[in-house]
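Below is one structure, written out as structure tokens; the observations come after it.
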Amino acid sequence: MDPLGDLETLDLELILSDVATVDRQIEKVQGQAKAHPREFAEQLNWLAGLRAHLNAGRPAAGYEPAHHDAWLADFNPLSAKPRLYVVNVAEDCLPAGGSAAGAIQARAARAGTPCLVLCAACEAELVTWPPDDAAAYRREQGLSEPGLDRLITASYRLLGLITFFTITGGKEARAWTLRSGSTAYEAAGLIHSDIQRSFIRAEVAPVSTILSAGGLTQARVAGHLRLEGREYVLQDGDVVHYRFNV
């Protein structure tokens, strides 16, 4: 096994794919530039620099000069995308991962890339166990939660996402995925445009508070819900009840 070698091969394949993609993008922009050469001169120079950067074996994520998100979004190079390393190890290597995982973890640390260690075989077995027994075994292995949960959390953090909840009829809860830093008003539009358009206030409490109180109604009676305006920035795990004009 040579995980570092495998990773280097994967990086090279992504970069080679991006070179071909950039070449096609250059041809496209050159066609657009025939009628307005000055308008596209800067973009063509930027693309030429990116191609040289890739040809030197470096990923698009490290291309610094005049980084234009709009130009990058036109063709979305693979080597520019956010990255998360997931290292699958033997059960007896948990929780740290052992020497093979250590090499990947060191590389991830140098690149500022998040790295997660798990044992896929162990996780597949544990999902068949009673929840209490599985949780007890994970604690013995030094693991705080299931590998899938850790993977989801790490992925959300990497992509800048949070989860908020709404409760319908006091019984049915629904989870919504939202960009971190979004406001209660923006979140309302995710649910329904009518709620956003007629937004008045939002009643908000952390999900842990709602669960401790026994439900949304009980939390409201206990005075745990806060009234927030449209500029309130939602936090991960918020439960939101919207007030709006019908």
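Okay, here's what the table says:
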read-out	value
From Phe199, Phe165, residue being surrounded by 12 or more Cβ atoms within 10 Å (Cβ to Cβ), modelled with pLDDT of 95 or more and closer than 30 Å to Ala134 by Cβ	Phe165
Helices (runs of 4 or more DSSP H) lying entirely in segment 109-159 (those with 3 or more residues that are under 24 Å from Ser180 (Cα atoms), among the aliphatic types (A, V, I, L, M) and modelled with pLDDT of 95 or more)	147-159
Residue count for segment 86-105, restricted to those that are part of a helix (DSSP H, G or I) and on the phi > 0 side of the Ramachandran plot	1
Subset tally (residues that are farther than 15 Å from Val239 by Cα and either surrounded by 14 or more Cβ atoms within 10 Å (Cβ to Cβ) or touching a residue at least 12 places away in the same chain (Cβ under 8 Å) (or both)) for segment 187-196	4
Single residue of segment 142-160 satisfying the filter (exposed (fewer than 15 other Cβ atoms within 10 Å of the Cβ) and in contact with a helix residue (DSSP H, G or I) (Cβ under 9 Å, 6 or more places away or on another chain)) that is farthest from Ile195 (Cα to Cα)	Ser144
Contacts under 6 angstrom Cβ, first residue in segment 223-240 being surrounded by fewer than 20 Cβ atoms within 10 Å (Cβ to Cβ), partner β-branched (Val, Ile, Thr), 6 or more apart	His224/Thr209; Arg226/Val204; Glu228/Val204; Glu231/Thr183; Val233/Thr183; Asp236/Ile162; Gly237/Val207
Count of segment 204-237 residues which are part of a strand (DSSP E or B) and in contact with a Ser or Thr (Cβ under 9 Å, 6 or more places away or on another chain)	1
Selection count, segment 160-172, where residues are over 20 Å from the mean Cα position of the chain (by Cα), part of a strand (DSSP E or B) and free of Cβ contacts under 8 Å to residues at least 24 places away in the same chain	2
Residue list for segment 173-184, restricted to those being exposed (fewer than 12 other Cβ atoms within 10 Å of the Cβ) and either touching a Leu at 6+ places or on another chain (Cβ under 9 Å) or in a loop (DSSP other than H, G, I, E, B) (or both)	Thr177, Gly181
Subset of segment 1-37 [aliphatic (A, V, I, L, M), part of a helix (DSSP H, G or I) and within 24 Å of Val87 (Cβ to Cβ)]	Leu4, Leu7, Leu10, Leu12, Leu14, Ile15
Selection count, segment 52-90, where residues are under 20 Å from Ala106 (Cα atoms) and of a type in the set (Phe, Trp, Tyr)	1
Which numbered condition Ile200 misses (of (1) in a strand (DSSP E or B); (2) closer than 15 Å to Thr166 by Cα)	(2)
Selection count where residues are over 18 Å from Trp71 (Cα atoms), surrounded by fewer than 13 Cβ atoms within 10 Å (Cβ to Cβ) and either hydrophobic (A, V, I, L, M, F, W, C) or touching a residue at least 12 places away in the same chain (Cβ under 8 Å) (or both), scope segment 13-36	1
Condition check for Glu39: farther than 30 Å from Asn88 by Cβ, modelled with pLDDT of 95 or more and exposed (fewer than 13 other Cβ atoms within 10 Å of the Cβ)	no
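Residues checked against (1) without any contact (Cβ under 8 Å) to a residue 24 or more places away in the chain; (2) out of contact with any strand residue (DSSP E or B) (no Cβ under 7 Å at 6 or more places or on another chain); (3) buried (at least 16 other Cβ atoms within 10 Å of the Cβ):
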{"position": "Ser79", "(1), (2), (3)": "no, yes, yes"}
{"position": "Arg83", "(1), (2), (3)": "no, yes, yes"}
{"position": "Leu94", "(1), (2), (3)": "no, yes, yes"}
{"position": "Ser99", "(1), (2), (3)": "yes, yes, no"}
{"position": "Ala106", "(1), (2), (3)": "yes, yes, no"}
{"position": "Leu116", "(1), (2), (3)": "no, no, yes"}
{"position": "Ala121", "(1), (2), (3)": "no, yes, no"}
{"position": "Glu125", "(1), (2), (3)": "yes, yes, no"}
{"position": "Trp129", "(1), (2), (3)": "yes, yes, no"}
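The values are calculated or read from the model by the stated rules, or taken from the named source; none is laboratory data. Everything quoted here is computed from the prediction, not taken from an experiment. For neighbour counting, all protein chains shown are included, and Cβ atoms are generated from backbone atoms with ideal geometry for every residue, glycine included.
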